[in-house]
Structures are given as structure tokens and as C-alpha cells.
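Below is one structure, written out as C-alpha cells, with a few remarks after it.
Values in this text are rule-based calculations from the coordinates and carry no lab data. What you see is a predicted model, and the numbers here were worked out from it, not measured in a lab. Positions of Cβ are backbone-derived with ideal geometry, glycine not excepted, and every protein chain shown enters the neighbour counts.
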Amino acid sequence: MTSTARDARRDSGGGPVTRPILLLMATATGLSVAGNYFAQPLLDVIAERFAMSSATAALVVTTSQLGYVCGLLLLVPLGDLLERRRLTVTLCAATALGLACVAVAPNTPVLFAGLAVTGLCSVGAQVMVPFAATMAAPDARGRAVGTVMAGLLLGILLARTAAGSLAELGGWRTVYWVNAALMLTMALLLRRVLPRFPAAGNTRYLAAFRSMGRLWAQYPVLRWRTLTGASSFAAFTVLWISLTFLLSGPPYGWSAQAIGLLGLAGAAGAAAASVAGRLADRGLVHTVTLAGAVLLLASWALLAPAAHGLVWLVAGILLLDLAVQAVHISNQNVVYALEPEARSRLNSLYMTSYFLGGVAGSALTSVVWAHAGWTWACALGAAFSTVALLSCLAERVLHRRP
């Protein structure tokens, strides 16, 4: 095969991706991002072990989040510059190292160093998503992205449940030890099964980083899709932050472990990722986005009375998670199609904004809950959902594409 043919094959997709490989990548992405969420139900225990104040304990979660944002900006673009299998394996192994550092931490500085490394390198998950899109044939790209993203969502939703359960069995460090071992196993398996996939060109890192400004300016659709995604993830965050406050107080009065188990209900929404990907492959990507945005807004009508009814709560969680995944997967399919050789940089721009939307949702939820409770938290979630819907409609009107 000539160099030109190899380049054409690489750019158009059609690489050697099979369902077992996609499932392995989905598992690896889920385990990668899970490490950023283990601390949330364990904050009280960690604070007591290291004699932290409440303000310092809050930095445990913040450190992982900041590491993740830095990784999205600084490491994910490397997917366009380096051999992708090696980059994926290296980031998985580095995540295992960070998790092990947290597990053995004898003092606060080592703990925070481990959390920072874990957050920074867990963006290997965001390297694997465009990697899967590039390996897949064009008519199967949506399904590939949906499968890997389903694993990522499950990792986020089930991390709290796993942390609480394993802490009951062997202490708070157990979940970090277990995940470190699993991430090292993932690194070895991915090195064995993933194909070598050279970068699209020999662009230098700083030039590639500067080119992200050009991508942002060149593609209005990228900006609209980013706004839609960030708003939808903000609504997702509003739910899961305010949910903890709702269920821990009257009339529910649930324990932290019971609250974590409710993540199992949200995990059902992961099925939407695969369905959304399949519909995108059939040319319905814009319809999927619009339907997801409408369902996202509608879900708050179910959640509003949930303060006095568990059935409403579970139904609202299922609908909201389904809607968020439909929006997210369809967004990624559109974004990845803009410039195939720049998929990692496009993903970096999209996911950084997406995650910052979640940060905004988290910050505003804390303020709203302190002053007004569940009803106004639902109003905040509905407001973010409205922004997502209006952004989706604006993109369809202003930038219609066949």
C-alpha cells in the first residue's frame, strides 16, 4: 500500500475495529474517568484520615477536576500528533500510577499529587473516543462513538456506587487500589489489541495548539454544538448535585451508600449512547440532537414533583440521562466530521467547553440550593436545558447542512 493510499484510508476510517475492541475501549474509558469521582462519597472519611478542614477537603474533588481540564487542553490534542496506540497505553498506565499514589498516600501533599496525576491522565478516555471514530468505517462511526461513550457514562455514574461499596469492605483506599490494578490491566490489553495508528501529519505541538483557535473561528457549527453540549451537561450536573442534597434530607433521609446506588438508575441512560450512534449513522444526527434537547427540557417536568415522590424522581433521571447522551453523541458525530485529521483537537475544544458547562452547573446549583431548595434547582436545570434547545434550533436555522 502506498503512502497516499494509507493516508486516504486513515482519513476516511475503515480501520480494523471490531466489537470486542470497542467494548474493551469502552471499559477502559469508564475506568479512566471513574477515578475522578471516587472521592465524592468518601470526602468525610478522607478528611478525617488526613485531619483536613472542610475547605481543604473540598479541594480533593477540585484537584481532580482541574487536572482533567488541563488534560483536555494540553494532552488530548496529542492524539493528532503522536502514534495513537502508544499515547492511549501511556495515559492508561499513568492513570494507574496516579491512582496507586492516592492509595498509598501517607500525607496530604502526596494525596493531592496523586489526584492531580489521575485527573490529568484520565483524559486518555477522550483520546480513545476520536481514536474509535477514526478506526471505524464511515457508516459505522456513530455506533463506534456511541459504544465507547456508553462506557464513559457508566464509569461516571457507577464510580460513586463502587467507591461506597468497596470502602465498606476494605476502607477508602480499596477502590483506588482496585482501579489502579484494572487500569494497568487495560493498558496491557490495549497495547496488545489496538492497531498502530500513526498521526495524520508531522505538525509540531505548539503549531497544533495554535491551530485550535483557527478551528474554533472557522466552524460556526462547532461553536453552536459546543454551546448545546455545555448547556446539556450543566443541566446533568444540576440534577446530580442537587439530588444528593434532596435525598440526604427529609422526607427521604437516605445514607450516602443508598444515594450512590441511585446511580444505577441513571446508568440505564447509557443505552441511549449506542442508539444515538446508530441513528447518526443513518443520517438522522440533527434529528437526534433536537429530540434529545426537547426530552432534556421535558425531564424537568417529571423531576419538579420528585421531592415528594420517588417514582417521579426515577422517571426523571432516566429521561434526563437518555436525553443528555442523545445530545452528546450526536454532537460528537457532527464535530468529528468537520476535519478528520484534526479530530483530537476538535474533541479537545468540544470537551473542554462541555466540562466547563458542568463546572458552571455545579457552582450555580450550590448557590441556588442554599437559598431556594429543590424547586429552584429544577428551574435552574430547566433554564440550562432551554439554552441547549435554543442553541440546537439556532444551529439548524443558521447553518443547515444536507
Determine, for each peptide in 214-220, 249-255, 142-148, the mean count of other beta carbons within 10 angstrom over its residues, then list the peptides with the highest first.
142-148, 214-220, 249-255
The relative contact order of the chain, taking Cα pairs under 8 Å that sit 6 or more residues apart, comes to a percentage of 24 percent
Taking the simple approach of a point 7 Å from Cα along Cα-to-Cβ for both L393 and R191, what is their distance in nm?
5.3 nm
Label point distance in nm, L310-A265, each placed 7 Å from Cα along Cα→Cβ
0.9 nm
Within the chain, which complete DSSP H helices have Cα atoms spanning at least 24 Å along the helix axis and a mean Kyte-Doolittle hydropathy of 0.0 or higher?
54-74, 84-104, 141-170, 174-193, 220-248, 285-303, 310-338, 343-372, 374-398
In the neighbourhood of P77 defined by beta carbon distances under 11 Å, the net charge of the other residues (Lys, Arg +1; Asp, Glu -1) is +2
What is the calculated FRET efficiency for A51 to D139, with r their C-beta to C-beta distance and R₀ = 51 Å, to the nearest 0.05?
0.35
So how far apart, in nm, are the two label points at W254 and L73 if each is 7 Å from Cα heading toward Cβ?
3.5 nm
